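To keep things clear, I will list the structure first and then write my remarks on it.
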Amino acid sequence: RLSMLDNAASNTLIKAVQESVEPGSTIRSDGWDGYNRLPDYGYVHKPIVHKNAVDGDATPLTHRVAALFKRWWLGTHQGAISPEHLRYYLDEFTFRFNRRTSRSRGKLFLRLVEQAMHIEPVPAKSLKHKI
């Protein structure tokens, strides 16, 4: 799951984690101090400082996701993503990323239609988020 955060302060990060991750889960992060209080909230925190990283460490993958998002953004949208629609672009990228190894484009479309049928319609006016 990707989301927009106002800043990288500890309280902001912890709130985002609590909204998306079950307590007791392991959070792998870089060495940023903002994550240090995660154990106080029931999470296992395993920071990985990249200068000490070894093959198989999980956090370099987060940088790969960021690079893929940037490439998708520039390639598909030529960098023209408006801030008020950013949440929806993040959702679209997440959908595509989570299905990147699918060998059936038809199945992707089927899953998209299935998901669309299970949610309430969204009026166009509500698609803009004020930044």
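The values are calculated or read from the model by the stated rules, or taken from the named source; none is laboratory data. Just so we're clear, the structure is a prediction, and the values are computed from it rather than from any experiment. Don't worry about glycine lacking a Cβ; one is built from the backbone with ideal geometry, like all the others, and counts go over all protein chains shown.
For the range 63-79, state whether one or more residues are modelled with pLDDT of 90 or more, basic (K, R) and either assigned to a helix (DSSP H, G or I) or surrounded by 15 or more Cβ atoms within 10 Å (Cβ to Cβ) (or both).
Filtering the range 63-79 down to residues modelled with pLDDT of 90 or more leaves none.
Checked against the condition, which is being modelled with pLDDT of 90 or more, basic (K, R) and either assigned to a helix (DSSP H, G or I) or surrounded by 15 or more Cβ atoms within 10 Å (Cβ to Cβ) (or both), the range 63-79 yields no hits at all.
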Of all residues making up the range 1-42, the number that are without any contact (Cβ under 8 Å) to a residue 12 or more places away in the chain and in contact with a Phe, Trp or Tyr (Cβ under 8 Å, 6 or more places away or on another chain) = 0
Single match in R87, R99 (criterion: modelled with pLDDT of 80 or more, within 15 Å of the chain's Cα centre (by Cα) and either surrounded by 14 or more Cβ atoms within 10 Å (Cβ to Cβ) or farther than 19 Å from R1 by Cβ (or both)) = R87
